[in-house]
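Heads up, the thing below is written out as structure tokens.
The values are calculated or read from the model by the stated rules, or taken from the named source; none is laboratory data. This is a predicted model, so every value here is computed, not measured. We place every Cβ from the backbone using ideal geometry, glycine too, and count neighbours over all the protein chains shown. Accessible surface is based on the protein model in full, side chains and every heavy atom, while ligands, DNA and RNA are left aside. Shrake-Rupley method; radii C 1.70, N 1.55, O 1.52, S 1.80 Å.
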Amino acid sequence: MKIKRQKQAKKTISFYKYNFSFREPFQILIDGTFCQAALKNKIQIKEQMPKYLMGEVQLCTTNCALKELDTLGKQLYGAKIILQRFQLRKCAHFKDPVPASECLLSMLEDTNPHHYFVATQDHTVTAGLKKIPGVPLLYIILNTIVLDKPSQASLCHVQAVQMGELVSPAEQKSIQSMKQEQGISSKDGERRGRKRKRKQSNPNPLSCLKKKKKKGGPTPPLKKTEPGEKRKRSRHKKQRTAGDRTATPIGTNAE
């Protein structure tokens, strides 16, 4: 069973390494519930965690998790002593502590940018982090540490990246580094992407004038007269209209 668990853990770790850029030393965010379970089951976290994950680890916690153990009293005094040995990570609730479950979820944000493993026995934390892609979950069951399989959110995220719908975190880092080398900031990209709004201006007054109607057709060119030749007068025949009964044909005498 131990060999089978290690094979499954190795497969899961390689999944997070390849798809979410996890690297050693692995940062493991631990709360008081995990320390209490380890104390009951006589598990040495510092010794067994690196062996199980097959790599270097950094065990860490938050100030809110320690404050929560203080308020719970002497029953969790042993778990508090274990948790105090780990590194502290800064959270946004230093002045006003919040419950450990809320603090851990806030440390993960939307995409787990700091690549935390989360070790907890709290069901509210596990339900919340399974909605966030790229968060490995550790818990204790039957006197052993278990690394949970990738959540459905992680699998869907990887599938979307492979289909070209999303950009992987590794590609995002490479794009940002290339932008820094080229001297392009994110603000410049936003400015280029925005379309400039045209200012509303009054219409051209000349375009508002009515067009003048042209009178008659084009004038025929004048005929040139030779020297000594008399200039002939040209008569323009009037067109007879259907309603004009008084008009007489040209060249006839009116009776």
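Evaluating 6.51 cos²θ - 1.76 cosθ + 1.60 at θ = phi - 60° for every residue in the stretch 83-98, the Karplus couplings come out as 5, 5, 7, 8, 5, 9, 10, 5, 10, 7, 10, 5, 7, 10, x, 10 Hz, glycine and proline recorded as x. Among the chymotrypsin sites (Phe, Trp or Tyr not before Pro) found in the stretch 1-99, those both in a DSSP coil and sparsely packed, with 15 or fewer other Cβ atoms within 10 Å of their Cβ, are Phe94. Hydrodynamic radius of the stretch 94-151 by the Kirkwood approach over all distinct alpha-carbon pairs: 12.0 Å. With the simple spin-label model, which puts each label point 7 Å out from Cα in the Cβ direction, the Leu39 to Lys51 separation comes to 2.3 nm. Of the residues Asn63, Tyr77, Gln27, the one whose Cα sits farthest toward the positive end of the charge dipole of the stretch 1-77, with +1 on the Cβ of Lys and Arg and -1 on the Cβ of Asp and Glu, is Gln27.
Along the stretch 132-144 the Karplus relation, 6.51 cos²θ - 1.76 cosθ + 1.60 evaluated at θ = phi - 60°, assigns HN-Hα couplings of 9, x, x, 10, x, 10, 10, 8, 10, 8, 6, 6, 9 Hz to successive residues, with x for each Gly and Pro. Loop-located GluC sites (Glu not before Pro) in the stretch 31-124 (DSSP state other than H, G, I, E, B) with a sparse environment of at most 13 neighbouring Cβ atoms within 10 Å: Glu56, Glu109. Sorting the Cα pairs of the stretch 34-181 by distance into bins of 10 Å, from 0 upward, gives 10, 35, 34, 16, 5, 0 percent per bin.
Computed over neighbours whose Cβ is under 11 Å from that of Pro97, the net charge equals -2, Lys and Arg +1, Asp and Glu -1. For Cys91, the residues whose amide H sits under 5 Å from its own are Asn63, ignoring neighbours fewer than 5 places away on the same chain, with H placed 1.01 Å from N.
By a 1.4 Å probe calculation restricted to protein chains, Cys208 has an accessible surface near 90 Å², given to the nearest 10.
With both labels modelled 7 Å from their Cα along Cα-to-Cβ, the Gln159 to Asn202 distance reads 6.3 nm. Rounded to the nearest whole Hz, the Karplus-based 3J(HN,Hα) values (6.51 cos²θ - 1.76 cosθ + 1.60, θ = phi - 60°) of the stretch 67-72 follow the sequence 4, 5, 5, 4, 6, 7, with x at glycine and proline. Kirkwood hydrodynamic radius of the stretch 17-98, from the reciprocal of the average inverse Cα-Cα distance over all distinct pairs: 13.7 Å. With a cut-off of 13 Å on the backbone N, the residues of the stretch 64-88 near the modelled label site 7 Å out from Glu102 along Cα-Cβ are 64-65, 68. Taking all C-alpha pairs of the stretch 5-46, those more than 16 Å from each other amount to 55 percent.
Remark on Thr120: its backbone amide H falls under 5 Å from those of Leu138, a criterion applied only to residues 5 or more positions apart or on other chains, H modelled at 1.01 Å from N.
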